[in-house]
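Asker: One structure coming up, written as structure tokens, with questions to follow.
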Amino acid sequence: MNISLKKTIVQIDRCLAEGGGASADQLHKMYDLTLRLQSQLLSVIYDMETFGGSAERVANAHSGGKNKDSVVTLTITEPLPSMKRLTEAVEEHWKAMIHAAIGEAAQQRPLPYFDKAMVEIKIITPRGSDNARLWDTSNRSIQVVLNNLKGIFFEDDNMEHMAFSVIGRWGEKGATIIRILDFDKSQQIRSIT
């Protein structure tokens, strides 16, 4: 794959005014270009991992899993993207991180399978200068999480087999924490607190 990362970086740099400030249109263009750059980087990294024999996969370095008392916690060291549709490279990256975390949890003990699961998604987002207006829990790519849990922890992502919640908070570094537990157990925990 022949990708020119420098070309995209130069295009981003051109959007900046001399003094470092940028108009709203320039910021939007820079945002689109950074999404392109992320996809390009992930494609290059994937090719290096697949064909170049890279030692550790980036998905493994950015994920972890715990499996204790029939509760599985998956930690991804990136905030869930703030878009409903992902580029193919970003979606594959998220799938790989989720499955790497599931694999780590499965090494600890057999994974639980629930008739009805509760999936709790907590998104920690680094605070930016103007992102308080943009943070919306429904404008996240939640489906990439749910689609990669079904069949492993529950039969399907319909109302008979799972429920989910999404919460967010500001933090120093971005992360996504996914807890999967029995729906009835989650209800008991809530009635105690």
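Since every read-out is calculated from the coordinates, none of them should be taken as a lab result. What you see is a predicted model, and the numbers here were worked out from it, not measured in a lab. So basically every Cβ, Gly included, is an ideal-geometry build from the backbone, and we count neighbours across all protein chains shown.
Asker: Give the cross-link partners of LYS150 among the lysines, using a straight C-alpha distance below 16 Å as the criterion and excluding same-chain residues fewer than 8 apart.
Answerer: The reachable lysines, counting only those whose Cα sits under 16 Å from LYS150, are LYS95, LYS116.
Asker: Give me the extension gain from TYR31 to LEU146: residue separation times 0.36 nm, minus the current Cα-Cα distance, reported in nm with one decimal.
Answerer: Full extension from TYR31 to LEU146 adds 38.8 nm.
Asker: Highest mean first, what order results for 145-153, 97-105 on Cβ atoms within 10 Å?
Answerer: Peptide ranking by packing, descending: 97-105, 145-153.
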